[in-house]
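Single-structure report; data block below.
The values are calculated or read from the model by the stated rules, or taken from the named source; none is laboratory data. Here the structure is a predicted model, which means the values were calculated and not measured. All Cβ positions, even for glycine, are placed from backbone atoms using ideal geometry, and neighbour counts span all protein chains on display.
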Amino acid sequence: MWNKRESPSRVEKRFEFDEYSKISKFMGKIEKLCKEKDIYPNISFGKNFVSLSIFLDSKEISSKEADFSEDIDKFYLEK
């Protein structure tokens, strides 16, 4: 589940990994998706996690942003 935050409006999620090599694969998929959807979230990562923040164009998540976050969830499940 993505967490909604205010000031600025955004949704955030942290993804956990058991191997660093899986993070690289996940990040590669996100990179391609960003270019396809023209959405560029803030991304941070460490040894066993990736955190994403998608800043919203309005106070509510748009269908484009919702689709983007759902695609990222699918990538994570493929790990």
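Computed quantities for the displayed model
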{"read-out": "Check on Ser44, touching a residue at least 40 places away in the same chain (Cβ under 8 Å) and either surrounded by fewer than 16 Cβ atoms within 10 Å (Cβ to Cβ) or within 23 Å of Arg5 (Cα to Cα) (or both)", "value": "no"}
{"read-out": "Matching residues in segment 47-64 - criterion: being surrounded by fewer than 11 Cβ atoms within 10 Å (Cβ to Cβ) and of a type in the set (S, T, N, Q)", "value": "Ser58, Ser63"}
{"read-out": "Residue within segment 3-15 that is within 21 Å of Leu77 (Cβ to Cβ) and at pLDDT below 95 present", "value": "no"}
{"read-out": "Only one of Glu16, Glu12, Glu31 that is charged (D, E, K, R) and touching a residue at least 40 places away in the same chain (Cβ under 8 Å)", "value": "Glu12"}
{"read-out": "In segment 19-28, the residues that are touching a residue at least 40 places away in the same chain (Cβ under 8 Å) and out of contact with any helix residue (DSSP H, G or I) (no Cβ under 8 Å at 6 or more places or on another chain)", "value": "Lys22, Lys25"}
{"read-out": "Residues that are among the aliphatic types (A, V, I, L, M) and surrounded by fewer than 13 Cβ atoms within 10 Å (Cβ to Cβ), drawn from segment 1-41", "value": "Met1"}
{"read-out": "Within the chain, strands (runs of 3 or more DSSP E) holding 2 or more residues that are at negative phi and aromatic (Phe, Trp, Tyr)", "value": "49-55"}
